[in-house]
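Here the structure comes first, spelled out in structure tokens, and everything after it is commentary.
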Amino acid sequence: MEGVVIRSTGSWYQVRTATGIVSCTIRGKFRLDGRVATNPVVIGDHVTLSMNEDGTGLITDIGERHNKLTRRAAGRRVGREHVIVANVDAAWVVQSVQEPKFNGGLVDRFLVMAEAWEIPAGIIINKADLIDERSEDAMDFWSETYRDLGYPVLFTSTRTGVGIPELRDQLANHIHVIVGPSGVGKSSLINALEPLADLRTGEVSERTRKGKHTTTFAELIPLGNGGYVADTPGLREYGLVDIGPAELSHRFVEMRENLHECRYPDCTHDHEPGCRIKEMVEAGEIVEERYESYLNILHSIHMGDKDVGR
Ligand code: GDP
Ligand code: ZN
């Protein structure tokens, strides 16, 4: 029998199969077979299992992963990685119009992370019901900026229902991660998409991670349309980017093609003369706010703050 791992609680794995959800353990040998990972089976993994007489299962094989989102394992030897979720098809960065106010710098940090993972990304602007005369122009600016770069942008409101059917269509049939800062409405969106998901939402969004839905364990929430949203406590709040300064400009889609045109091959596009990227900013070919985000992330990498999305 085959299935997808939707929940992992340490020693038990919930596997969704064609005939239902089976609680599984893994064969001891996966723990020993030399994988450099702290966790051999993760949510999103396609696994083969054999059934035990008591209705539980035994995972006997793990399918090849087409990608994996990782973070460095805390307190472990250098080089160890902690895989959070495998086989992710798309990443969605959530922001709100107000409360908290739209933050382009944070969007760019999450987009850099998605680009580093080589996963297609989109942007959800939630709390569209709060758009007023003062915020309207800014919302037009940001949505146009990101659409021009090739990222889909969806406006949603869990209050009025605007954009929810469109979002549900976007999230069908694949595994998605939803990232963004606290308070923008990630839990509310998941609840709106799939009321059975029953994530806790609240004014104090700390509650999202306490309560009965103790999401210290990662899980995939089935949306009922064949799609899954990964609820991953490690990813939701902060984009953990583990990239070096030389890689950063390659993660900005509008810079990537022109990097070889700088005078110096190791140009950081910060202070160097003959920088093609700075020329493009001056010519209006690169949006200034995006270039500022680039510099901010670059400087935070130099400061040794790799958890730049925090
Ligand atoms: P999370 O921390 O990103 O998971 O955010 P929550 O889903 O917990 O929502 C944070 C707050 O925003 C809650 O008070 C929600 O009721 C509120 N909220 C969520 N979606 C919307 C929306 O579309 N419009 C408005 N006005 N408030 C919303
Ligand atoms: Zn340059």
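Here LEU220 fulfils each of the conditions (1) of a type outside the set (Asp, Glu); (2) at pLDDT 75 or above; (3) farther than 29 Å from ARG251 by Cα; (4) within 17 Å of the chain's Cα centre (by Cα) apart from (3). Residue count for the stretch 122-150 under the criterion of being in contact (Cβ under 8 Å) with a residue 24 or more places away in the chain and of a type in the set (Lys, Arg): the result is 1.
Anything in the stretch 139-194 that is within 18 Å of the chain's Cα centre (by Cα), of a type in the set (Lys, Arg) and more than 14 Å from VAL94 (Cβ to Cβ)? List them, or say none. Of everything in the stretch 139-194, just one residue is within 18 Å of the chain's Cα centre (by Cα), of a type in the set (Lys, Arg) and more than 14 Å from VAL94 (Cβ to Cβ), namely ARG168. Picking from residues in the stretch 159-183 that are surrounded by 13 or more Cβ atoms within 10 Å (Cβ to Cβ) and over 27 Å from ASN67 (Cα atoms), the one that is modelled with the lowest pLDDT is GLY183. Scan the stretch 1-11 for residues that are surrounded by fewer than 16 Cβ atoms within 10 Å (Cβ to Cβ) and either at pLDDT below 90 or closer than 22 Å to VAL88 by Cβ (or both) and the total you get is 4. In the stretch 115-135, what residues are more than 16 Å from ligand 1 (Cβ to nearest atom), modelled with pLDDT of 95 or more and acidic (Asp, Glu)? Within the stretch 115-135, GLU133 is the sole residue that qualifies.
Return the residues of the stretch 151-168 that are of a type outside the set (Val, Ile, Thr), free of Cβ contacts under 8 Å to residues at least 40 places away in the same chain and part of a helix (DSSP H, G or I); say none if nothing qualifies. Of everything in the stretch 151-168, those that are of a type outside the set (Val, Ile, Thr), free of Cβ contacts under 8 Å to residues at least 40 places away in the same chain and part of a helix (DSSP H, G or I) turn out to be PRO165, GLU166.
State which residue is farthest from the chain's Cα centre (by Cα) when the search covers only the stretch 278-310 and only residues that are of a type in the set (D, E, K, R) and modelled with pLDDT under 85. Among them, the one singled out is ASP305.
Taking the criterion of being hydrophobic (A, V, I, L, M, F, W, C) and in a helix (DSSP H, G or I), the residues of the stretch 121-146 that qualify are ALA128, LEU130, ALA138, MET139, PHE141, TRP142.
Within the stretch 243-292, if we keep just the residues that are polar (S, T, N, Q) and within 8 Å of ligand 2 (Cβ to nearest atom), the residue that is nearest to LEU106 (Cα to Cα) turns out to be SER249.
The values are calculated or read from the model by the stated rules, or taken from the named source; none is laboratory data. This one's a predicted model, so the numbers in the text were calculated from it and none came from an experiment. Please note: Cβ atoms are built from the backbone with ideal geometry, for glycine as well, and neighbour counts cover all protein chains shown.
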